[in-house]
Amino acid sequence: MSEHVSPKSVYYSIFGALMVLTTATVLAAYVNLGSFNAPVALAIATFKATLVVLFFMHVKYSSRLTKLIVLTSLFFLLILVGETMMDYATRGLQGLLPQLH
Amino acid sequence: MSNAVAHADAHGQAVHHPKLQHHFETMQQQKEASTLGMWLFLLTEVLFFGGLFFAYLLYRMWYFEAFAEASRTISITPGLINTAVLIASSLTMALGVRAAQTSQRSATVRWLIATIFLGLVFLGIKVYEYADKFEHHHVPGANFISESPWAAQEQIFFSLYFTMTGLHALHMIVGVVMMSVITWMAHKGKFDSTYYTPVEMAGLYWHFVDLVWIYLFPLLYLVERHN
């Protein structure tokens with residue numbers, strides 16, 4: 001088997017980083033960043049998610065096709081969120097479709 | 001490497017690994033197919049949870065004050081502990097896969113049992129949190145009581161809270177059951193460095209459930225906690 005075996009130290013380091021980032025998430029929540037609180041929280045969460053996907057789920061050492069499928073899931077998620085939001089964002093224009101709240 | 005025993009008896013063809021199914025040419029191709037299949041399933045799961053995350057996004061945008069008020073009533077500590085527990089379970093899971101990759105049977109079993117244990121701890125804390133919600137009348141429907149002018153919108157927040165964490169907990173339960181099966185198989189010596197695919201696939205699912213929680217925690221527990 002020519003499979004990549006990660007050293008245990010890599011896993012422990014990633015775990016440590018995830019713990020630090022979790023602490024950062026909570027601390028950042030107590031700082032008033034105005035409208036940036038949510039983006040910062042999501043940015044930290046996304047960075048944590050990237051570490052999990054690349055190292056714990058081994059995608060860094062996976063085939064290009066696997067990496068493509070991972071990116072494709074993000075692509076379709078963006079379409080889901082983006083396009084659905086377009087519906088709500090364009091409600092009530094020119095009195096054509098009723099506003100919803 | 002006792003699993004990599006040649007078996008040519010019933011075939012009259014070249015010897016191959018006993019776990020190689022006949023529609024694949026090599027073990028690597030078979031493993032790649034399994035990996036792609038699991039990732040495609042996880043893609044559908046991203047969209048599954050994604051729909052709920054979108055609903056959260058929309059209602060948070062519309063009723064931010066209500067969401068902030070409702071989120072502040074949730075105690076951070078159990079959520080934070082659960083986040084640490086799940087991340088630790090991803091660590092033990094990754095180490096379990098690694099043990100299977102390096103043909104360490106008893107280490108594999110031990111790491112998998114640790115993963116299951118941490119998953120059960122997570123579920124236990126969730127039970128405690130849900131019970132707490134019932135006591136404080138935060139469950140949408142007949143149980144819900146709130147004096148706030150935002151009561152109706154707070155119910156929307158808690159509906160999303162219970163639906164998203166409930167769906168997540170359901171995935172955890174499925175994960176624990178699946179992991180129990182894999183642990184039993186590992187105990188029976190079914191895996192080694194030439195074949196450990198089920199361990200790795202179960203691991204991918206487990207890490208995905210952790211990923212969902214990594215997003216759920218800040219969005220549900222940490223809305224406008226300053227001031």
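The values are calculated or read from the model by the stated rules, or taken from the named source; none is laboratory data. Not measured: the values here are computed from a predicted model. Cβ coordinates were reconstructed from backbone atoms using ideal geometry, including for glycine residues, and neighbour counts include every protein chain displayed.
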Counting only residues that are over 21 Å from B:ILE76 (Cα atoms) and either more than 7 Å from every other protein chain (Cβ to nearest Cβ) or surrounded by fewer than 14 Cβ atoms within 10 Å (Cβ to Cβ) (or both), the range A:6-18 contains a total of 7
Note on the range B:41-95: residues surrounded by fewer than 18 Cβ atoms within 10 Å (Cβ to Cβ) and charged (D, E, K, R) are B:GLU45, B:GLU65, B:ARG72
Is it the case that the range B:106-115 has a residue that's surrounded by fewer than 15 Cβ atoms within 10 Å (Cβ to Cβ) and either out of contact with any strand residue (DSSP E or B) (no Cβ under 9 Å at 6 or more places or on another chain) or within 11 Å of another protein chain (Cβ to nearest Cβ) (or both)? yes
Residue set B:PHE162, B:PHE157; condition buried (at least 18 other Cβ atoms within 10 Å of the Cβ) and out of contact with any His (no Cβ under 8 Å at 6 or more places or on another chain); output residue B:PHE157
Over the range B:45-54, the set of residues facing another protein chain (nearest Cβ under 7 Å) and among the aromatic types (Phe, Trp, Tyr) is B:PHE54
Does B:THR102 satisfy being away from chain A (no Cβ under 11 Å), in contact (Cβ under 8 Å) with a residue 40 or more places away in the chain and not aromatic (Phe, Trp, Tyr)? no
Within the range B:60-99, the residues that are more than 10 Å from chain A (Cβ to nearest Cβ) and either among the acidic types (Asp, Glu) or outside any helix (DSSP H, G or I) (or both) are B:GLU65, B:GLU69, B:THR73, B:ILE74, B:SER75
Within the range B:180-220, residues being more than 14 Å from every other protein chain (Cβ to nearest Cβ) and surrounded by fewer than 24 Cβ atoms within 10 Å (Cβ to Cβ) number 10
Taking first residues from the range A:70-94 that are small (Gly, Ala, Ser) and second residues anywhere that are outside any helix (DSSP H, G or I) and loosely packed, with under 12 Cβ neighbours inside 10 Å, the pairs with Cβ under 6 Å that are 6 or more apart or on different chains are A:GLY92/A:GLN99
Item to complete: Could you tell me whether any residue of the range B:134-151 is surrounded by 15 or more Cβ atoms within 10 Å (Cβ to Cβ), in a helix (DSSP H, G or I) and either in contact (Cβ under 8 Å) with a residue 40 or more places away in the chain or at positive phi (or both)?
Response: no
Heads up, the helices (runs of 4 or more DSSP H) in the range A:3-99 (entirely inside) with at least 3 residues that are over 19 Å from B:LEU47 (Cα atoms) and modelled with pLDDT of 95 or more are A:8-29, A:37-51
Of the listed residues (B:LEU42, B:LEU36, B:LEU57), the one being touching a residue at least 40 places away in the same chain (Cβ under 8 Å) and within 11 Å of chain A (Cβ to nearest Cβ) is B:LEU42
Per the filter on the range A:45-73, residues within 30 Å of A:LEU27 (Cβ to Cβ) and more than 8 Å from every other protein chain (Cβ to nearest Cβ) are A:THR46, A:PHE47, A:THR50, A:LEU51, A:LEU54, A:VAL59, A:LYS60
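Rundown of residues vs (1) touching an Asp or Glu at 6+ places or on another chain (Cβ under 9 Å); (2) surrounded by 12 or more Cβ atoms within 10 Å (Cβ to Cβ), yes/no style:
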| position | (1), (2) |
| --- | --- |
| A:VAL20 | no, no |
| A:ALA29 | yes, yes |
| A:ALA41 | no, yes |
| A:ILE44 | no, yes |
| A:PHE47 | no, yes |
| A:ILE69 | no, yes |
| A:MET86 | no, no |
Result of the Cβ filter at 8 Å on the range A:6-30, keeping first residues that are more than 12 Å from B:ALA94 (Cα to Cα) and outside the structural domain of A:LEU54 (by TED's automatic domain parsing) and partners that are aliphatic (A, V, I, L, M) and not in a helix (DSSP H, G or I), at least 6 apart or interchain, is none
